[in-house]
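Worksheet: one structure, shown below.
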Amino acid sequence: MFRGYFPTAAQTMADRRRVRGGKIARKPELAAYIADRLSAASSPEQIAGYLRRHRGIREAVCHETIYLFVYGPDGRSQGLWRLPPVARRSRWRRYARKPRGLHIPLANTIGKRPSEIGNRRSFGHREGA
């Protein structure tokens, strides 16, 4: 009876299909394994490398995914953020905005100009006519 595209219905269907939560948060056995390895002083890079080589045991995850889990709300509630041997290095945003505005050195400010310019007696020191 009804034909055409209905955006509200399509958005509802897309929201139902969308998977919520991260890969580690959705798999409790993987989260328990990562927490166990972190408490045994393994780094997230070592855990990710082991999972990559032994895929038959568990699903492989990237070390960045492990860091996101550890420093996210789930890892903080479990106290995992204290366990990695070396903290994740902080990074600058890749496509951050560059600072804008005038950058005039202090030596070139109007307060540092010679007094002879203020008298306007010599030629060549006009400041806008």
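The table for this structure:
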| quantity | calculated |
| --- | --- |
| Relative contact order, percent, the chain [alpha-carbon distance under 8 Å, six or more residues apart] | 18 |
| Using alpha-carbon coordinates, inclination of helix 7-17 to the longest axis of the chain, degrees | 60 |
| Inter-site label distance for Glu116 and Arg20 at 7 Å from Cα along Cβ, in nm | 7.6 |
| Karplus 3J(HN,Hα) series, Hz, for the range 102-112 with 6.51 cos²θ - 1.76 cosθ + 1.60 (x for Gly, Pro) | 7, 10, 9, x, 5, 6, 9, 6, 5, x, 9 |
| Computed log₁₀ I(q)/I(0) - Debye formula, equal Cα scatterers, no solvent, the chain, q 0.09, 0.11, 0.16, 0.18 Å⁻¹ | -0.56, -0.63, -0.92, -1.01 |
| Of all accessible heavy-atom area on the chain, the percent that carbon and sulfur account for (1.4 Å) | 53 |
| Degrees separating the helix 28-39 axis from the principal Cα axis of the chain, which is the longest one | 60 |
| Phe123/Ala96 FRET efficiency (R0 30 Å; Cβ-Cβ; nearest 0.05) | 0.05 |
| Peptides 64-71, 42-49, 112-119, 29-36 ordered by average Cβ neighbours within 10 Å, highest first | 64-71, 42-49, 29-36, 112-119 |
| 222 nm mean residue ellipticity, helices alone, for the chain (DSSP H n ≥ 4; -39,500 (n - 2.57); rounded to 500) | -12000 deg cm²/dmol |
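The values are calculated or read from the model by the stated rules, or taken from the named source; none is laboratory data. Here the structure is a predicted model, which means the values were calculated and not measured. Note: ideal-geometry Cβ built from the backbone for every residue, glycine included; neighbour counts use all protein chains shown. To get the accessible areas, we keep the full protein, side chains included, count just its heavy atoms, and leave off ligands, DNA and RNA. Shrake-Rupley method; radii C 1.70, N 1.55, O 1.52, S 1.80 Å.
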